[in-house]
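Remarks on the structure that follows.
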Amino acid sequence: MRAVVVYERGKYEVRDVPMPRLNDGDVLIKISYAALCYRDLLQLAGYYPRMKYPVILGHEAVGVVVESKDPRFKPGDRVVPLLHEPDGTCEFCMRGLDSYCINALSYGENVNGFFAEYARVSGNALVKVPNGVPDELAAFTPCVIAMVYKGLKRAGLTYGETVVVTGASGGVGIHAVQLAKALGARVIAVTRSPDKARFIRQFADDVVTEQRFSKVVKDLTNGLGADMVIEAVGTPTIEESLRSLRSGGRVIIIGNVNPDETYQLRLGYLIMKDVVMIGNVRSNRSDVAETLKILSKGLVKPVIAATYPLERFGDALEFMRNNSRIGKILIKP
Ligand SMILES: NC(=O)c1ccc[n+]([C@@H]2O[C@H](COP(=O)([O-])OP(=O)(O)OC[C@H]3O[C@@H](n4cnc5c(N)ncnc54)[C@H](OP(=O)(O)O)[C@@H]3O)[C@@H](O)[C@H]2O)c1
Ligand SMILES: [Zn+2]
Ligand SMILES: [Zn+2]
């Protein structure tokens, strides 16, 4: 089969590899779509020290079961894999916190991932996709939408609260805007680009393009500030995100587009404003199942910037770096 293989730090090629072999509990899936994520760029840039070489890249996909050694799955089932492969037995797995599994392997990092025609996945890492969720949305549900859903749950979002989303045109941002709306929030989207703002306006209540967006957020909230920020960018926007919060506000930290940059947090600001900071990554199996149920109501539309065949993976990566892109890039094997 064909696959995108990273064979040493920063170096990859689309090449022929043997079909995956299954052990007990494993499932073979035929990939319908895989999705590109900013993380793939960071992995190729060497920011993931646990990368094992050679490895098939890709951690976001949807597929159809073709062979199963796990009685819970049968050929024809439409499934999405988690980002990680939990053992299902450790202390965290037993508490339903499988994203913290102490023995987890990570797809596309230290176990083969999904930029390929087929993939071997443990049944412990699979969730069936309900009717009503298109493949184009299911593909990035675990890494993007269920990850944001987990963050909103941890932050205790309640109906009618005001949520600011930074990087609102990105793969994470544009779907975070829609999920927060679907859960009853009033959403203020932040983007640097007036052109992109026109597109985002169809999903958000307000769109802000000012670099100093906290002042506009205050104006839009009667001077109070937002209840919550979904921070999908990182160091370029975190200062304004914190300034946008009301007293007792929460910020969910998801993006880190410049991993070399640090941010100096003033503890007094955090303390005196009673701010809650939540670092957020991955999603548990239960988060994915709950999110897919929400998505089956049709309230979140997949925003796809482009779809590339596997053989043109290099062009897809190039487009990922293009600043005018809105939404996700899909790979069709
Ligand atoms: N925590 C997790 O579980 C998780 C999961 C997936 C991704 N991520 C991270 O989340 C971030 C976004 O990922 P993505 O896949 O959505 O990437 P993306 O599609 O490239 O979107 C990033 C968005 O951030 C904005 N942005 C980029 N550089 C910026 C800068 N210097 N200043 C201000 N805004 C900037 C841009 O929005 P505008 O052009 O509209 O301003 C861009 O569309 C990345 O750091 C990624 O690693 C985290
Ligand atoms: Zn991802
Ligand atoms: Zn475990």
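The values are calculated or read from the model by the stated rules, or taken from the named source; none is laboratory data. All figures in this text were calculated on a predicted structure; none of them were measured in a lab. Because the Cβ atoms are built from the backbone with ideal geometry, glycine has one as well, and the counts that use them run over all protein chains shown.
Tabulated results
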item	result
Residue among Arg266, Arg243, Arg285 that is crowded, with 16+ Cβ neighbours inside 10 Å and either without any contact (Cβ under 8 Å) to a residue 40 or more places away in the chain or among the acidic types (Asp, Glu) (or both)	Arg243
Which listed residue is outside the structural domain of Gly255 (by TED's automatic domain parsing), in contact with a Pro (Cβ under 7 Å, 6 or more places away or on another chain) and within 16 Å of ligand 1 (Cβ to nearest atom), from Tyr48, Tyr100, Tyr118, Tyr107	Tyr107
Strands (runs of 3 or more DSSP E) (entirely within the range 110-220) containing at least 1 residues that are surrounded by fewer than 23 Cβ atoms within 10 Å (Cβ to Cβ)	118-122, 126-128, 186-190, 206-208
Scope the range 253-269; condition more than 16 Å from ligand 2 (Cβ to nearest atom) and either under 16 Å from Ala155 (Cα atoms) or basic (Lys, Arg) (or both); matching residues	Arg266
Residues that are in a loop (DSSP other than H, G, I, E, B), within 16 Å of ligand 2 (Cβ to nearest atom) and without any contact (Cβ under 8 Å) to a residue 60 or more places away in the chain, drawn from the range 50-74	Met51, Leu57
Verdict on Leu82 being among the aliphatic types (A, V, I, L, M), free of Cβ contacts under 8 Å to residues at least 40 places away in the same chain and in the same structural domain as Arg15 (by TED's automatic domain parsing)	no
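One line per residue, one yes/no per condition, for (1) touching a Phe, Trp or Tyr at 6+ places or on another chain (Cβ under 9 Å); (2) surrounded by 14 or more Cβ atoms within 10 Å (Cβ to Cβ):
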{"site": "Met1", "(1), (2)": "yes, yes"}
{"site": "Asp24", "(1), (2)": "no, no"}
{"site": "Leu36", "(1), (2)": "yes, yes"}
{"site": "Arg39", "(1), (2)": "yes, yes"}
{"site": "Gln43", "(1), (2)": "no, yes"}
{"site": "Met51", "(1), (2)": "no, yes"}
{"site": "Val55", "(1), (2)": "yes, yes"}
{"site": "Gly58", "(1), (2)": "yes, yes"}
{"site": "Glu67", "(1), (2)": "no, yes"}
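Let's see how each residue does on (1) over 20 Å from the mean Cα position of the chain (by Cα); (2) within 23 Å of Ala306 (Cα to Cα); (3) not in a helix (DSSP H, G or I):
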site	(1), (2), (3)
Tyr33	no, yes, yes
Arg39	no, yes, no
Tyr48	no, no, yes
Gly76	yes, no, yes
Val80	no, yes, yes
Ile102	yes, no, yes
